[in-house]
């Protein structure tokens, strides 16, 4: 071949080669630069999540009701232990287990067996100080409820969920609220997970300089409740006493401030211990005062009386002939528990006359009875917006077009209607609060780790159910119930004027009113002239010969109210003195 052509061919070949290489470099540097950069970062970077600590739930005085505690597990590497047998007796001694048991846990083929959990900080320090190579630690958190089952249905519980954030290799355990305040305030309690970015070189050595790019976790906020743990403890003890004495199907107790709607204590039976996650039953988690509905019976009578007083159709001196114990209306019989003759409205309330109440309702008319039942919050949920407890039911209040001929005589005495204990408590709270119906509050505030308020929940007025004058007359009538002449004699609290009402409603079983099954209740507040707190007690199907609300729930009301008044430092005797002066 001609040497000149050979040189030319080689020159063209080299030119082509360098052209291809140049084009490839241009493609890499200009077109694919970002994708290759990202790939390089991925190959030299790994992300590890930094879990946020869940916030605590506190009572109104800052006492801890729920908190997340560190939980340390110790895992044994059987392969390393086989190489370092001298560590066996030392490890067994520190953990307080036998060397034989520990040796049985060591499996070189199945490494990292859990050999201890929940160890103390002191034990962890000893293990680390001895530099035992055959173990490793796993740090977790566990939700702790210091008071066990007390307040459990308000607080709820948490479950652990394994979550792997986008861009990270390793998952982490996140505590997620599943019921109660833990669920409703989960977004505030859980915090925001952080991220640790680990940058390493070609041989997987970490480059410490890049630790500055870590994003710290933001721990969860604390949630402060309106609940007072001291009052809650009183209520829980009384609930246990009622269960022991009457063996009811269930019972419910609510304590609240009428002026603000703040719930100071609330419980029901059966209950559960949120610390024993594996043992409690789903039906025990229910917050029954807001999830269970029932026919309230005579405690509902305040609606009709307040309506009559507000409409000025009657006053407390108005009289009703109670037909000597039995009245026929709409082709059916309506009876009183005693044969009453002529009674004033004040006496109708005090003696809980069904006939007197039915006659007042007929005088008002269906539309007015329905209107005031709605104003007092029946047939609708009591909670709105944020900071509510989950699982509330709205109850049942049928529109008048669905009433029967008998409804005008049955609904005013608390039948053909379904309500929750919380609805009943709020209706009485409206009477105690000058006719203003408040929205219930269980959350007081959300605060950060430095106790700075992040979110505050203030009292909210829902409506003016009745005018203050009518409410004052209603309070006066309810004083007569909690007296020697009323049905709630056992609910009297020494040193205080109490206003309230009892209820004894037949229980529906299988669509029919069951023989010998009742729901017994008492709702009352004190001091009557300026109410500071209200107690609502419902005992579902008390066993034994005693079933009237005043006899079953009345003494429990007295016990709770006496102790709550002491805890709130109310002035004993001032109420009675003021009452006597007025008379």
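Here, each number is a calculation from the coordinates, and none is a lab measurement. Nothing here was measured: the structure is a model prediction, and the numbers come from that model. Please note: Cβ atoms are built from the backbone with ideal geometry, for glycine as well, and neighbour counts cover all protein chains shown.
Helix 366-375 axis versus longest C-alpha principal axis of the chain: approximately 40°, rounded to the nearest ten. If R0 is taken as 56 Å, the Cβ-Cβ distance between residue 98 and residue 281 corresponds to a FRET efficiency of 0.95.
Every Cα-Cα pair of segment 229-582 was included, and the share exceeding 26 Å stands at 47 percent.
Run lengths n ≥ 4 of DSSP H only: what is the helix-derived mean residue ellipticity at 222 nm for the chain, with -39500 (n - 2.57) per run over all residues, to the nearest 500?
Working: 21 runs with 197 residues, N = 583.
Result for the chain: -9500 deg cm²/dmol, rounded to the nearest 500.
For residue 71 and residue 461, FRET efficiency with R0 = 41 Å and r from the beta-carbon atoms, rounded to 0.05? Rounded to the nearest 0.05, the efficiency is 0.35.
Between helix 554-567 and the chain there is an angle of about 60 degrees, using the helix long axis and the longest principal axis of the Cα atoms. In terms of the mean number of neighbouring beta-carbon atoms within 10 Å, the peptides 508-514, 189-195 order highest first as 189-195, 508-514.
Can you tell me how segment 48-225 classifies by the Cα gyration tensor, rounded, prolate or oblate, using a/c under 1.5 as the rounded cut? Don't skip to the answer; put the middle values down first.
Working: a/c = 2.50, a/b = 1.39, b/c = 1.80.
Oblate, since a/c reaches 1.5 and b/c is not below a/b.
Each label point was placed 7 Å from the Cα along the Cα-to-Cβ direction; for residue 162 and residue 233 their separation is 4.1 nm. Axis angle, to the nearest 10 degrees, between helix 468-481 and the longest C-alpha principal axis of the chain: 70 degrees.
Using packing as a proxy for protection, rank 73-81, 450-458 so that the peptide with the highest average count of other Cβ atoms within 10 Å comes first. Each step should come with its number before you reach the end.
Details: 73-81: 19.2, 450-458: 11.1.
The most tightly packed comes first, giving 73-81, 450-458.
Applying 1/(1 + (r/R0)^6) with r as the Cβ-Cβ distance of residue 139 and residue 63 and R0 = 30 angstrom yields a FRET efficiency of 0.65. Modelled this way, with points 7 Å down the Cα-to-C-beta line, the labels at residue 469 and residue 451 are 4.8 nm from one another.
Taken along the Cα-to-beta-carbon direction at a fixed 7 Å, the label points for residue 123 and residue 509 span 5.0 nm.
Ordering 219-229, 111-121, 154-164, 475-485 by mean Cβ neighbour count within 10 Å, with the highest value first, yields 219-229, 475-485, 154-164, 111-121.
Considering only beta bridges that DSSP places wholly inside the chain, some 95 percent are antiparallel.
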